[in-house]
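S.K.: Handing you a structure now.
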Amino acid sequence: NSFWENYHDLATLNNFTESMVQQFPDLVTRTSMGFTHEGREVFGMTIHGSKKRQQMEALEELVEEVEELLEEASSWWSWMFDSASSSSSSKPKELKKPSEPKKHPKAIVIHGGQHAREWIGPAVVTYIAKELILGYGSNKKITRLVDQFEFTIVPVLNVDGYAYTWEHNRMWRKNRQPTSIPFCPGIDPNRNWGYKFATGGSSGNPCSDAYHGSEAFIAKEPKMIADYILKKENVVSYIDFHSYSQLWMTPFGADCSNIPKDDEDIMEAGMGAAKALKDVHGKKFAVGSVCKIIYQASGGSLDWTYAEGGVKYSYAVELRDTGRHGFMLPEDEIIPSSEETLAGVLHLANFIRKRE
Ligand code: 0X9
Ligand code: ZN
């Protein structure tokens, strides 16, 4: 756990991903999400119950069936010799083939670091990955979820911005793509997604921290996640981790009068997650649509993932705190923040498992 006593630079987070893959090759694969403007590669970990374990389960099923069959055979045997009983005796069943591990499990996509200075996001997200990986096979609830869902976890999405906060300016938020104004680089990735792009709550001024970019999906970071989700087809949940404010947010951000048709389920799952989170260290997270509980923001991630990406349980979460330290959340809050957020995520996944 000492890894989560500090924040880490990009190289260290990439090493973390790599070492998870090396240590647990049956469970974790490294996924390349794509490349940024400055040429950095964005990595994810894809975590899914190992084929080995699923095959073991299939084998156990088979053994059970053989045992049943043997029992049946022995009753046939006695029927043949006792010859008195009724004619309705059943024929032995055909042996079913063991069920194959599912080829297209439902997927859950989670990332931190869309905004560069929000360091708690990547820290929490790596912690969640670690818990899913180490809990697999030892923790019953986690094992069940990791067998059922394929988790794709991307610690840092906006890697160029993140590197910039470590090397030049701790308070940098946007990516590092050039704009029409040479001394004002950077697009806000979370204003550049393609649903109701630039329709309010974003800026056309390249010098603004909420600059939406010259067109939708011109920023590499939202584009690579959107492409990944479209290609997967079976993503049931998406969580975009930000800080700060302690909010568990639902669609939409672009328009307060636009209510998702799945609002009831999305809210129920979100409130359950916030409750599970609060039960860990008592932190309160408000639940509601982006537009209603913080402000109008178009071109945000979860609007697109919900409306265009087909991801029913789409959320954006603002982690700790409520403003005392803001983006500079002290390192000794990484572990408690991670523990509570993990509880929220596990609740959400379990809700989806039971409901969908
Ligand atoms: O303004 C934002 O992009 C987010 N707040 S932050 O302080 N982390 O910058 C909230 C955005 C809400 N989420 C989406 N619209 N996806
Ligand atoms: Zn943010």
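S.K.: Rank-order 271-278, 24-31 by packing density, defined as the average count of other C-beta atoms within 10 Å over each peptide's residues, highest first.
M.R.: Sorting 271-278, 24-31 by mean packing, highest first, produces 271-278, 24-31.
S.K.: In whole percent, what relative contact order does segment 249-347 give with Cα contacts below 8 Å and a gap of six or more residues?
M.R.: In percent, rounded to a whole number, it is 39.
S.K.: Let me ask another. Sequence-distant or interchain residues sharing an amide H contact under 5 Å with Tyr195, placed H: which?
M.R.: When sequence neighbours closer than 5 places are left aside, the close amide H contacts are Gly299, Trp304.
S.K.: While we're looking at this one, here's another question. Modelling each spin label as a point 7 Å along the Cα-to-Cβ direction, I'd like the Ser19/Trp76 distance in nm, to one decimal.
M.R.: Simple spin-label model gives 5.8 nm for this pair.
S.K.: Please list the non-local residues whose amide H lies under 5 Å from the amide H of Gln114, H modeled 1.01 Å from N, same-chain partners needing a gap of 5 or more.
M.R.: Those lying under 5 Å, H to H, from Gln114 are Leu157, Asn158.
S.K.: Return the single residue from Val63, Val156, Val124 with maximal mean-square fluctuation; model: Gaussian network over the chain, springs between Cα atoms under 10 Å.
M.R.: Val63
S.K.: Mean separation of Cα pairs under 8 Å and 6+ residues apart, divided by the residue count of segment 184-254: what relative contact order is that in percent?
M.R.: Relative contact order for segment 184-254 comes out at 29 percent.
S.K.: Could you grab the relative contact order for segment 175-332? Cα pairs under 8 Å, six or more apart, rounded to a whole percent.
M.R.: Averaging sequence separation for qualifying contacts and normalising by length gives 31 percent for segment 175-332.
S.K.: Considering the alpha-carbon set of the chain alone, what are its Rg and its Dmax in angstrom?
M.R.: 24.1, 97
S.K.: Please rank Tyr306, Tyr162, fewest neighbouring Cβ atoms within 10 Å first, as an exposure proxy.
M.R.: Tyr306, Tyr162
S.K.: Pairs on different chains or at least eight residues apart, Cα atoms closer than 28 Å: how many lysine pairs in segment 220-343 fit?
M.R.: 28
S.K.: I've got another one for you. What does the charge dipole of the chain about its Cα centre add up to, to the nearest 20 debye, if the Cβ of each Lys and Arg holds +1 and the Cβ of each Asp and Glu holds -1?
M.R.: Around 660 debye, computed over the chain.
S.K.: By counting other Cβ atoms within 10 Å of each Cβ, how are Ile47, Ile120 ranked from fewest to most?
M.R.: Ile47, Ile120
S.K.: A follow-up question, please. Ratio of segment 210-356's C-alpha Rg to 2.2 N^0.38 Å, to two decimals?
M.R.: Here the Cα radius of gyration is 1.03 times the empirical estimate.
Throughout, read-outs are computed from the coordinates displayed, never taken from laboratory work. This structure is a prediction, so every number in the text was calculated from the model and none was measured. We place every Cβ from the backbone using ideal geometry, glycine too, and count neighbours over all the protein chains shown.
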